[in-house]
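A short reminder: the numbers here are calculations on the coordinates, not readings from a lab. This is a predicted model, so every value here is computed, not measured. Cβ atoms come from the backbone with ideal geometry, glycine included; neighbour counts cover every protein chain shown.
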Amino acid sequence: MMKSQLKKLKHIWVLNFLRRTFNATRYYNKKYMEIIKWGIASNEDTNYTYDLTEGNMLYLAHIISFVVQKDNKTILAFINEAQNDTFLKDHIIREIQQSDLKKFADQQIRFGRRMGWYAMIRALKPRTVVETGVDKGLGSVIICAALLKNKEEGFEGRYYGTDINPKAGYLLTGKYRQVGEILYGDSIASLSTFKDTIDIFINDSDHSADYEYREYLTIKHLLTDDSIILGDNSHSTDKLAIFSTEEERNFLFFQESPLNHWYPGGGIGISFKTPKTSRQAQNKITPESNTDNTVSMQAASN
């Protein structure tokens, strides 16, 4: 009897409208509380930081595992390595506290999708990593932390970040500066002076679709079949997918699922030719090859 009455009520438009909209709000009501909590507790007004859910990190590990052709447990170990790097986290907190921009940054260190960058660099042992757009340098230091770990294992690598803001990258100091540098000026202008092959390229600068695509065109001649592009804007534009199609590269996308944060999450677009095997053999330091690997973009950084 009750069920039949409820079925009749569903045919009354106003009541059905209220029922459906109430059900829809249940997907978002928790976000309103998270916005209020964030507004009170956080200093961030852009480039939001957060942890990922446990399941989301597992998805991230599986995607990277496929691209680099390593066991997903190995990738998870690299992710845990980054999460448990207390020296790195203490360094970040110290630099934030000393910065005149500290009122815009949180002192709870959450790497989000950048743990995927770290794991890929640890897995592939690249010689050259380029990131456009560094903001305070959270991505810069986690990338350089991975490069320093690789160096301990006998594999040299260097990081180049680009940013138009002369105050960007203030976290990139201390030992992390040994393997990385920031090049200030327009990213495309800086990329135009680059001469080395790029093993991993991370697009995270001007988030307009046109500028993003122009960056890919600018570095196209510096890519090899082993090069990987990570798009930090792929959750909002399809330019990396389009570029990958044009250049006969594969494209995958990882969508973040932030833990206890109102932001729906960004992601990582991954452009690659074929699933990769580690390039450890060609990057291995030998007495003949153990030289300073600072051969490009010096004119742009002077």
### Query
Using Cα pairs under 8 angstrom and six or more residues apart, how large is the relative contact order of the stretch 43-301, in percent?
21 percent
### Query
Under Stokes-Einstein, with the Kirkwood radius over Cα pairs standing in for Rh, what whole-number D in µm²/s applies to the stretch 15-102 at 25 °C and 0.890 mPa s?
144 µm²/s
#### Entry: Isotropically averaged projected area of the stretch 6-161, using the convex hull of Cα atoms (one quarter of hull area), nm²
13.6 nm²
#### Entry: Residue among GLY180, GLY39, GLY269 with the largest mean-square fluctuation in a Gaussian network model of the chain, springs linking Cα atoms under 10 Å
GLY39
### Message
I want the antiparallel fraction of DSSP beta bridges within the stretch 43-301, as a percent rounded to 5.
### Response
40 percent
## Note on the structure
In terms of the charge dipole of the chain, which places +1 on Lys and Arg and -1 on Asp and Glu at the beta carbon, the residue among ASN250, TYR27, ILE268 farthest towards the positive end is TYR27
### Task
With everything on Cα atoms, drop me the angle between helix 54-68 and the longest principal axis of the chain, reported from 0 to 90° to the nearest 10.
40 degrees
### Task
Take the chain, connect every pair of alpha-carbon atoms lying under 10 Å apart with a spring to form a Gaussian network, then pick out the residue of ALA41, ALA189, ALA241 with the largest mean-square fluctuation.
ALA41
### Whole-Hz couplings from phi, Karplus 6.51/-1.76/1.60, listed for the stretch 175-190; x for Gly and Pro
5, 5, 5, 5, 10, x, 8, 10, 10, 8, x, 4, 4, 5, 4, 5
#### Entry: Extension gain (nm, one decimal) between THR224 and SER208, 0.36 nm per residue minus Cα-Cα
3.2 nm
### Query
Taking a ≥ b ≥ c as the square roots of the eigenvalues of the Cα gyration tensor of the stretch 181-248, is the shape rounded (a/c under 1.5), prolate (a/b larger than b/c) or oblate?
oblate
### Query
Could you give the dipole magnitude of the chain about its Cα centre, charging the beta-carbon of Lys and Arg +1 and that of Asp and Glu -1, in debye to the nearest 20?
1680 debye
### Task
Name the residues whose placed amide hydrogens come within less than 5 Å of the amide hydrogen of ASN47, ignoring near sequence neighbours (fewer than 5 apart) on the same chain.
none
### Message
Full-extension gain between ALA189 and GLU81, please, as 0.36 nm times their residue separation minus the C-alpha to C-alpha distance.
### Response
35.4 nm
### Query
When only C-alpha pairs under 8 Å and at least 6 residues apart count, what is the relative contact order of the stretch 95-170, in percent?
35 percent
### Summary
Sorted by chain and number, the residues with a modelled amide H under 5 Å from that of THR53, at a separation of 5 or more or across chains, are SER257, LEU259
### Query
In the stretch 43-301, with Lys and Arg counted as +1 and Asp and Glu as -1 at Cβ, which of these residues, ASN150, PRO126, ILE219, has the Cα nearest the positive end of the dipole, that is, farthest along it?
ASN150
### Förster radius 45 Å - calculated FRET efficiency between LYS167 and LEU15 (Cβ-Cβ, nearest 0.05)
0.20
### Message
For a quick check, take a GNM of the chain with Cα springs below 10 Å and name the residue from THR74, THR237, THR86 with the largest mean-square fluctuation.
### Response
THR86
### Message
Helix 13-25 against the longest principal axis of the chain: what's the angle in degrees, Cα atoms only, rounded to the nearest 10?
### Response
30 degrees
### Query
Which distance in nm do the two modelled labels at GLU248 and ASN43 give, with both placed 7 Å along the Cα-to-Cβ direction?
5.1 nm
## Note on the structure
Its Cα gyration tensor gives the stretch 146-189 an equivalent ellipsoid whose semi-axes in whole Å, largest first, are 23, 12, 5
## Note on the structure
In deg cm²/dmol, rounded to the nearest 500, the helical mean residue ellipticity at 222 nm of the chain, built from -39500 (n - 2.57) for every DSSP H run of length 4 or more, is -13000 deg cm²/dmol
### Query
Based on the Kirkwood radius over alpha-carbon pairs, what value in µm²/s does the Stokes-Einstein equation return for the translational diffusion coefficient of the chain at 25 °C and 0.890 mPa s?
118 µm²/s
#### Entry: Convex hull volume per residue for the stretch 71-140, taking Cα atoms only, in Å³
100 Å³
### Query
Roughly what angle does helix 29-41 make with the longest principal axis of the chain, taking Cα atoms, 0 to 90 degrees, to the nearest 10?
50 degrees
### Query
Cα-Cα over 23 Å: which of LYS30/LYS73; LYS102/LYS125; LYS102/LYS175; LYS73/LYS149; LYS30/LYS136; LYS37/LYS102?
LYS30/LYS73; LYS102/LYS125; LYS30/LYS136
### Query
Tell me, how many Å apart are the Cα centres for the stretch 176-254 and for the stretch 87-143?
18 Å
